[in-house]
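Data first, discussion second: the structure below is written as structure tokens.
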Amino acid sequence: MPRKDLESIKDKKGKPTLYQNIDESLDLQAQLDELFRQAELADRKLGKFMSQVIKKFPGVAGAASHAPLKKRRAAELKVTQRGKKVNQLKDIARATIEFRVAKDMFAAREYIRNSSYFQEIKDFGGALKDRYTGNPTAQGYRDVKFFLLMPIGGGQDHLVELQLNIKHALMAKKTAHSFYELLRQGGANWNPEKRDSKIVVQKDDVQDLALKLRHDWVTCKASGTYSQEVLSRVGEVLTTKFFDHRGEPLQEKVILKNQTSKEQKASRALSKLCCDIYEYYNKLSKNQLTVPAAQMHRG
């Protein structure tokens, strides 16, 4: 269960905040050891619950993606570079269920909302984030995201993440995620219109992100859907900032500044391409999103 001594900590809406049950007196590596030990056990429970949801709606659920545990390196970077605490990492064990149409996704949402895994934490801030009935991200992405409390034995519980979505939204996420990940490196205050904004990609993250960015840029270019001017500017950023003259990813920290007119145009292009991808797939999703308002907002 979330630690009772932390239930007094409130979020911006005055709700208690969800935390993993990790002893903060331990050093960082020991805390991560315990986090991943718990996550491995909880992940098995999550897999069984996913199967239960899918069986409950036969012929409704499309693909189910039970991702492997988040990489330890990624978790550690959230702590050392993004200011998170280990007990705030709630998505080490995570999964996604894809639905063909929104009405079935919302039916599953209600089923999960009524499960014991959610009911125990329903009053905690962020336990359910529904970007279909609420606001999408700045780029236009939508999903339904639950945190669920899985019993792992010995009187312990562990928080896991379960997302619900429809096909085209997940297709957009797959294509746009690398650009979104790059923009997120700029932090919450990054803005393509602010000259003091900058994006910093640490050396250890450059190779993996560079290859993903290039793959998704090529996909966007081949589709013939997006602005050639925007794609050209994004391509120039990738070529000059992430790859050497041989086309190999750089082995050094990448800093994207926003001070000159050229740099600002590049920043705007990155942001616009990410938004345009979601806008394109949101248009394709219109038929999937046909659902009575009462069902969309139920609960």
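What follows is calculated from the coordinates using simple rules that are stated; it is not laboratory data. On a predicted model such as this, the values are computed, not experimentally measured, just so you know. Quick reminder, even Gly has a Cβ in these numbers, built from the backbone with ideal geometry, and neighbours come from all protein chains shown.
Binning at 5 Å from 0, report for the chain what percent of all alpha-carbon pair distances ends up in each bin.
Result, from short to long distances: 1, 5, 10, 14, 15, 15, 15, 12, 8, 4, 1, 0 percent.
Among His215, His168, His158, what is the fewest-to-most ranking by other Cβ atoms within 10 Å?
Starting with the residue having the fewest Cβ neighbours, the order is His215, His168, His158.
Given H placed 1.01 Å from N in the peptide plane, which residues other than close sequence neighbours of Ala64 have an amide H under 5 Å from its amide H?
Glu98
In the neighborhood of Asp104, defined by Cβ-to-Cβ distances under 13 Å, what is the net charge if each Lys or Arg adds +1 and each Asp or Glu adds -1?
Residues close to Asp104 contribute a combined charge of +3.
Nearest 5 is fine: what % of DSSP beta bridges in the chain come out antiparallel, could you say?
That works out to approximately 75 percent antiparallel.
Rounded to the nearest 500, what is the chain's calculated 222 nm mean residue ellipticity when only DSSP H runs of at least 4 contribute -39500 (n - 2.57) each, over all residues?
Theoretical 222 nm ellipticity from helices: -14500 deg cm²/dmol.
In nm, what is the difference between 0.36 nm times the number of residues separating Leu250 and Lys71 and their Cα-Cα distance? Write out the running numbers ahead of the final one.
Values: separation 179, 0.36 × 179 = 64.44 nm, distance 2.18 nm.
Gain in length upon complete extension: 62.3 nm.
In straight Cα distance, which lysines are under 16 Å from Lys241, not counting same-chain residues fewer than 8 positions off?
Candidates past the 8-residue exclusion: Lys198, Lys203, Lys212, Lys253, Lys257, Lys262, Lys265.
Along region 24-31, what does the Karplus equation 6.51 cos²θ - 1.76 cosθ + 1.60 (θ = phi - 60°) give for ³J(HN,Hα), rounded to whole Hz, x for Gly and Pro?
Result, ordered by residue: 6, 6, 6, 6, 4, 5, 5, 5 Hz.
Quick query: amide H of Leu18 versus all other amide H atoms, modeled in the peptide plane; which residues come in under 5 Å with a sequence gap of 5 or more or a different chain?
Result for Leu18 returns Gly125.
On full extension of the chain, what length is gained from Asn114 through Glu193, given 0.36 nm per residue of separation minus the C-alpha to C-alpha distance? Intermediate values should be presented prior to the final figure.
Values: separation 79, 0.36 × 79 = 28.44 nm, distance 4.38 nm.
Here the answer is 24.1 nm.
Provide, as a two-decimal number, the C-alpha radius of gyration of region 152-299 over 2.2 N^0.38 Å, N being how many residues it has.
In units of the 2.2 N^0.38 Å rule of thumb, it is 1.26.
Within region 146-185, which residues have the backbone N less than 16 Å from the label spot 7 Å out from Gln88 along Cα→beta-carbon, could you tell me?
Once the point is set 7 Å along Cα→Cβ of Gln88, 185 turn out to lie under 16 Å by backbone N, inside region 146-185.
How large is ³J(HN,Hα), in whole Hz, for each residue of region 90-107 in order, when computed from phi with the Karplus curve 6.51 cos²θ - 1.76 cosθ + 1.60 and θ = phi - 60°, using x for Gly and Pro?
Computed from phi, the couplings for region 90-107 are 10, 10, 5, 9, 8, 7, 9, 10, 9, 10, 6, 9, 5, 4, 6, 4, 5, 5 Hz.
Please report, in debye to the nearest 20, how large the charge dipole of region 103-184 is about its Cα centre when each Lys and Arg carries +1 at its beta carbon and each Asp and Glu carries -1 there.
That gives a dipole near 400 debye.
Kindly put Phe57, Phe147, Phe99 in sequence by how many other C-beta atoms sit within 10 Å of each C-beta, fewest to most. Let's see the in-between values first.
Working: Phe57 15, Phe147 20, Phe99 25.
So the residues, fewest neighbours to most, are Phe57, Phe147, Phe99.
Based on other C-beta atoms within 10 Å, arrange Arg113, Arg94 from fewest to most.
Arg113, Arg94
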